[in-house]
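As C-alpha cells, the structure follows; a few thoughts come after it.
The values are calculated or read from the model by the stated rules, or taken from the named source; none is laboratory data. No experiment lies behind these values; they were computed from the predicted model shown. All Cβ positions, even for glycine, are placed from backbone atoms using ideal geometry, and neighbour counts span all protein chains on display.
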C-alpha cells in the first residue's frame, strides 16, 4: 500500500486506511500533544500506528508516553499544553488512572486538557460511577476502540480542546481589553496617550502567545474635515505631534482614512499594508483616528480584540477632547477674570500666566503628581482675586502706602478667600487656599493669620514665592524690575524667613526652567509690540 497504512480492524472487518494527506493541508510547526498513559507497551504502539499521519486543522500529532501514573505526573508537571490524555485506569495500582485525574484537575488545576479513560477492565471502574465522580471527558473500553472510532474520538476531542482554548483566549483577551481600557480612561493628558496605547496594545496582541503581528509605532490623530493633525505619537511619530498627518501617514493609509471619514458617522476598523486603523466619526464629521503600525497580521481572535480595544481607546480620546475643551474654557475664564483684576491694578496679564507656570513647575518639583500640579496651575491665576474689592486709589497708588492704606490692602487675601470658599469644585477650593495664604510667611510673620511653617499649605507657600519673584523681576507702577542677581540674593536671605527653605532650594535647582517661562511670557514693551 506504499505510504498508506493498514492499522486496525473494525467490528465488521472493514479495513481502515489513514492517508498522510487526509486533511489536504501541510502541517504547521505546531503540533497537538497527545499523552498516552498505559502500562501495556503494545497499546502505545497500536495507538500511534492507528493515528499515523493524522492531522487536525493542519497540525499533526506529537505523542508523549508514560507507562505509569507516576511517570505521567512528571510529564504533566513540565508540559502544560497537552491537548488529550489517553489514560488507562489500572496500572501500578487499581486506581492509578483515577488518582492521576484527581492530580491533574485538583493539584495542577489544569481544566483545559481533555482526558479520555481507556480501560480493559471496566469492572474495576464502572463507567457511570467514574463519569459522575471524576472530571473526565470520555470513557472508552479498549475493545471498543477500532481505528474508525479512535479517529472519530480524536477529531471530536481535539475540536473540543480547540474550542475551549478559543473561548479561554477570548476571555483572557477581554480581561486584557478591560484592564487596558481602564488604564486608558485614567489618562488625562493627550501627550501621554499614545505611549500608553502602544504599551497596552502590545500586551493585548501578545497575550502570552506567539503571534504573527509585530507592533512598532502608534499615532493618534484628529481629522476635522480640513486638516488631519497628529495629537500624540510614539516611534517615528513622536516628534511630529501637532503637525499634519498628511505629511507623515503613507498615502494609502491617508487615502483609506479619508474614504472612511467621508462615509459619515460611525465606527470603522480596517487593515492597510499590515497596519491597523481604527476610527470614530462623529456627527460633525470630525474623526478620531488611531493608527497602529506593524508587520504581519494577527490571528482572527487578536484582530477582534484589537478592534474592541481600539473602540474603547477612541472613546477615551473623545472624552479627552471633551475634557480638554472644558479645561481650556475653564482656563480662559480664569485668565480673563484674573487679567481683569491685574489690569485694574495696572499689572500685565502675563503676570498671572507666569505665576501659573511657576506654580506648576514648583508643584511638580515638590512632589505633586501631574494632575494635581495641572489643577494648581489652573487655580493659581486667582491668587489676587480679592483685589477686586480694593479701592483704585490704594490699588494703583505709585508711592508708599500709609499704615491705614496698607491695612486695607491686606484685606484682599480675606476677600479672595470669601469669594471662592463656598465652591465645591476642587479647582476653586485650591484657589481659595492660595488666595488666603499667599501672603503668609514661613516664620509666622505674614498675614492674614500669621501661619507658620507647614501650617501654610504647599500651594500657599509656592504661590507666595512665585508672586514675590514675579513682582521683583517685573516692572510695576511703583518700581522698576530688579536685576536677577539682586533677586536671587533676596531669596537666599529670606530662606527660612519669608520662604520655605526646601522650596527655595528647589527653585534654584530649576532656574533654567524659570528663565524659559520668563522668555515665553515676557511683558511687551510699553505701548505694545513693535512692528
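Here 281, 313 are screened, and the one residue that is assigned by TED's automatic domain parsing to the domain that holds residue 218 and modelled with pLDDT of 75 or more is 281.
The lone criterion from (1) more than 24 Å from residue 323 (Cβ to Cβ); (2) modelled with pLDDT of 80 or more; (3) in a strand (DSSP E or B) left unmet by residue 217 is number (2).
Residues of region 322-347 that are at pLDDT below 70 and either under 21 Å from residue 278 (Cα atoms) or outside any helix (DSSP H, G or I) (or both): 345, 346, 347. Of the helices (runs of 4 or more DSSP H) lying entirely inside region 348-456, the ones with 2 or more residues being over 25 Å from residue 475 (Cα atoms) are found at 350-365, 370-379, 412-420, 426-437. Return the residues of region 81-112 that are surrounded by fewer than 21 Cβ atoms within 10 Å (Cβ to Cβ) and part of a loop (DSSP other than H, G, I, E, B); say none if nothing qualifies. If the condition is that a residue be surrounded by fewer than 21 Cβ atoms within 10 Å (Cβ to Cβ) and part of a loop (DSSP other than H, G, I, E, B), then 81, 90, 92, 93, 94, 95, 108, 109, 110, 111, 112 are the ones that fit. With the structure loaded, tell me whether residue 489 is more than 27 Å from residue 371 (Cβ to Cβ), surrounded by fewer than 14 Cβ atoms within 10 Å (Cβ to Cβ) and modelled with pLDDT of 90 or more or whether it fails that test. Taking the combined requirement at face value, the residue satisfies it. Is it the case that region 294-310 has a residue that's under 22 Å from the mean Cα position of the chain (by Cα), surrounded by 16 or more Cβ atoms within 10 Å (Cβ to Cβ), at pLDDT 85 or above and not in a helix (DSSP H, G or I)? Scanning region 294-310 turns up no residue that is under 22 Å from the mean Cα position of the chain (by Cα), surrounded by 16 or more Cβ atoms within 10 Å (Cβ to Cβ), at pLDDT 85 or above and not in a helix (DSSP H, G or I). Restricting attention to region 120-134 and to residues that are surrounded by fewer than 12 Cβ atoms within 10 Å (Cβ to Cβ) and not in a loop (DSSP other than H, G, I, E, B), the residue that is modelled with the highest pLDDT turns out to be 132.
Table: residues versus (1) touching a residue at least 12 places away in the same chain (Cβ under 8 Å); (2) touching a helix residue (DSSP H, G or I) at 6+ places or on another chain (Cβ under 7 Å).
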| residue | (1), (2) |
| --- | --- |
| 79 | yes, no |
| 87 | yes, yes |
| 92 | yes, yes |
| 95 | yes, no |
| 107 | no, no |
| 114 | yes, yes |
| 119 | yes, yes |
| 132 | no, no |
| 150 | yes, yes |
